[in-house]
1. If you fit an axis through the alpha-carbon atoms of helix A:4-17 and take the longest principal axis of the Cα set of chain A, what angle between them do you get, 0 to 90°, nearest 10?
2. Figure the gain on full extension for residue A:179 and residue A:262 (residue separation times 0.36 nm, minus the Cα-Cα span) and round it to one decimal in nm.
3. Rg over Rh of the stretch A:94-206, using C-alpha atoms and the Kirkwood radius, what does it come to?
4. In whole Å, how far is the Cα centre of the stretch A:43-70 from that of the stretch A:1-29?
5. Evaluated at 10 °C with a viscosity of 1.306 mPa s, what Stokes-Einstein diffusion coefficient in µm²/s does the stretch A:140-259 have when Rh comes from the Kirkwood expression over alpha-carbon pairs?
6. Considering chain A as a Gaussian network with a 10 Å cut-off on Cα pairs, which listed residue, A:120, A:43, A:136, attains the greatest mean-square fluctuation?
7. Given the alpha-carbon gyration tensor of chain A, what are the semi-axes of its equivalent ellipsoid in whole angstrom, ordered largest first, with each equal to the square root of 5 times an eigenvalue?
8. First measure r as the distance between the Cβ atoms of residue A:161 and residue A:136, then evaluate 1/(1 + (r/R0)^6) with R0 = 22 Å and state the FRET efficiency to the nearest 0.05.
DNA sequence: GCCTATGTTGCCGG
DNA sequence: TCCGGCAACATAGG
Ligand SMILES: [Zn+2]
């Protein structure tokens, strides 16, 4: 569940479930999700009031009353959901907020992480220092200075120091919107391509956020979820723009979906 | 058993 | 040095 859009949806849900509140009960179910911290430190942190919930790229931050910060990263399968019980399937860490219910960090593959940072540590947190601009802030000039001509565009955009929050699904969807071939190199884009890319990135993420929010109160995104994407996961089907066949190909280590007729 | 998976990091060879 | 490819992490589902 973890690209910029999904993390932002979680953040907005947490504003409703958790902001200005604290945990009255904490269950640490699998210590492997804790990075550089201890169960007792996390429990003490969760029992404080949350003053702000922020996001940067694919990272989510809960800012606490004493200015320490809980950092969440969901990797491939992590997510935060609201549940009526503390131990639904794949639950690794759960805390009870009286006004909402159990907030549960679920993570099937257990690659995600929860970390605690002091005020100063947060300011110097290396992944934040290195992270590129958010899609809504990035400019063509930014990309021209960070993307070398020889590099494949997919590889550059997946690099979180170039732009924050882009993942493998967004790649297929953005390349389709801008009509770029999956293996295009940065030096092969026209000025118009770069302008279009910079324009489409925030539009794409806003659209996914909107579609993922719905008006459900609870964040449930499991089986039965329809495919909201235009080309990702649609191999063998028709391109919504030109009717050509959607194909897939491994690029930069991951599968890209694309229309063989109208891209590139 | 096979293959796949919305992420990241580190190693290898060109 | 930069780049692409790939294994690794850990786990389950098809
Ligand atoms: Zn097409």
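1. Roughly 30 degrees, rounded to the nearest 10.
2. Extra length available between residue A:179 and residue A:262 comes to 29.2 nm.
3. On the way: Rg = 17.7 Å, Rh = 16.3 Å.
Over the Cα atoms of the stretch A:94-206, Rg/Rh equals 1.08.
4. A separation of 10 Å, based on Cα centres.
5. Once the numbers are plugged in, D ends up at 104 µm²/s.
6. A:120
7. Numbers: eigenvalues 252, 89, 45 Å².
Equivalent ellipsoid semi-axes, largest first: 36, 21, 15 Å.
8. Computed FRET efficiency for residue A:161 and residue A:136 comes out at 0.80.
Bear in mind that the values in this text are calculations on the coordinates, not laboratory data. No experiment lies behind these values; they were computed from the predicted model shown. Note: ideal-geometry Cβ built from the backbone for every residue, glycine included; neighbour counts use all protein chains shown.
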